[in-house]
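Below is one structure, written out as structure tokens; comments come after it.
The values are calculated or read from the model by the stated rules, or taken from the named source; none is laboratory data. For clarity, every value in this text was computed on a predicted model and none was experimentally measured. Note: ideal-geometry Cβ built from the backbone for every residue, glycine included; neighbour counts use all protein chains shown.
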Amino acid sequence: MDKPANKSRGEVAIPEAGEGAFIRFSVDALERLQAAVGDDYINVVISKLAKVDVKTYKLCIACAANDDGILAAFPWGLTLEEVNIKILDALFLTIHGRDWAEQQEFERKKVEKELDDLQSRLEANPQMAAYLSSKLPTKQDTESD
């Protein structure tokens with residue numbers, strides 16, 4: 001993965017698209033994306049990127065590119081997965097100040113901490129653990145007839 005052109009500004013370099021080419025989701029870029037996709041645009045875009053929706057790739061690049069000509073040779077010899085990561089990096093840098101991988105790691109650690117906290121609370125209160133266990137579905141409950 002390329003280092004962002006300027007990570008603090010949310011820029012992700014795309015040298016394959018030409019010298020100095022990058023994408024960045026400025027507020028204006030996010031507004032263009034929202035206007036094109038709708039109010040739930042972040043979730044919609046992430047979902048469509050996961051489904052390899054090429055129109056969404058191009059829309060994101062068109063909204064976030066620092067040069068209007070950047071789409072001319074899309075995907076610039078990159079795999080769509082590589083393009084996907086660049087788009088997600090730029091999006092998450094703008095929203096969270098972390099690229100996609102950093103955000104995934106952040107979320108993983110957050111869930112681990114929540115699970116550790118829950119485990120500690122359950123160990124401190126075995127009655128609660130027994131009660132919650134009694135509320136879990138059994139194998140018989142989940143089997144279909």
Any chance the stretch 121-132 includes a residue that's without any contact (Cβ under 8 Å) to a residue 24 or more places away in the chain, more than 30 Å from Arg24 (Cβ to Cβ) and among the charged types (D, E, K, R)? yes
Exercise for review: Look at Gly77 and say whether it is touching a residue at least 60 places away in the same chain (Cβ under 8 Å) and either in the same structural domain as Ile14 (by TED's automatic domain parsing) or not hydroxyl-bearing (Ser, Thr, Tyr) (or both).
Suggested key: yes
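Okay, residues lined up against (1) surrounded by fewer than 19 Cβ atoms within 10 Å (Cβ to Cβ); (2) over 17 Å from Ala21 (Cβ atoms); (3) within 13 Å of the chain's Cα centre (by Cα):
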residue	(1), (2), (3)
Lys58	yes, no, no
Ala72	yes, no, no
Trp76	yes, no, no
Ile85	no, no, yes
Asp89	no, no, yes
Leu93	no, no, yes
Arg98	yes, yes, yes
Glu102	yes, yes, yes
Those residues of the stretch 6-36 which are at pLDDT below 95 and over 14 Å from Leu91 (Cα atoms) amount to Ile14, Pro15, Glu16, Ala17, Gly18, Glu19, Gly20, Ala21
If I filter the stretch 104-117 for residues that are under 30 Å from Ile61 (Cβ atoms), touching a His at 6+ places or on another chain (Cβ under 8 Å) and either surrounded by 10 or more Cβ atoms within 10 Å (Cβ to Cβ) or not assigned by TED's automatic domain parsing to the domain that holds Ala50 (or both), do I get at least one hit?
yes
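Count, please, the residues in the stretch 20-30 that happen to be assigned to a loop (DSSP other than H, G, I, E, B) and surrounded by 15 or more Cβ atoms within 10 Å (Cβ to Cβ). Reasoning before the result, please.
Just the residues of the stretch 20-30 that are assigned to a loop (DSSP other than H, G, I, E, B), to begin with: 20-21, 24-26.
From the residues that got through so far, the ones that are surrounded by 15 or more Cβ atoms within 10 Å (Cβ to Cβ) too are 21, 24-26.
The qualifying residues number 4.
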Checking the structure you have, find out if any residue of the stretch 12-19 is assigned to a helix (DSSP H, G or I), surrounded by 13 or more Cβ atoms within 10 Å (Cβ to Cβ) and touching a residue at least 60 places away in the same chain (Cβ under 8 Å). yes
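Being without any contact (Cβ under 8 Å) to a residue 24 or more places away in the chain and assigned to a helix (DSSP H, G or I) is the filter here, so list the residues in the stretch 31-46 that pass it.
Narrowing the stretch 31-46 to residues without any contact (Cβ under 8 Å) to a residue 24 or more places away in the chain: 31, 34-35, 37-41, 43-44.
Glu31, Gln34, Ala35, Val37, Tyr41, Asn43, Val44 - these are the residues of the stretch 31-46 that are without any contact (Cβ under 8 Å) to a residue 24 or more places away in the chain and assigned to a helix (DSSP H, G or I).
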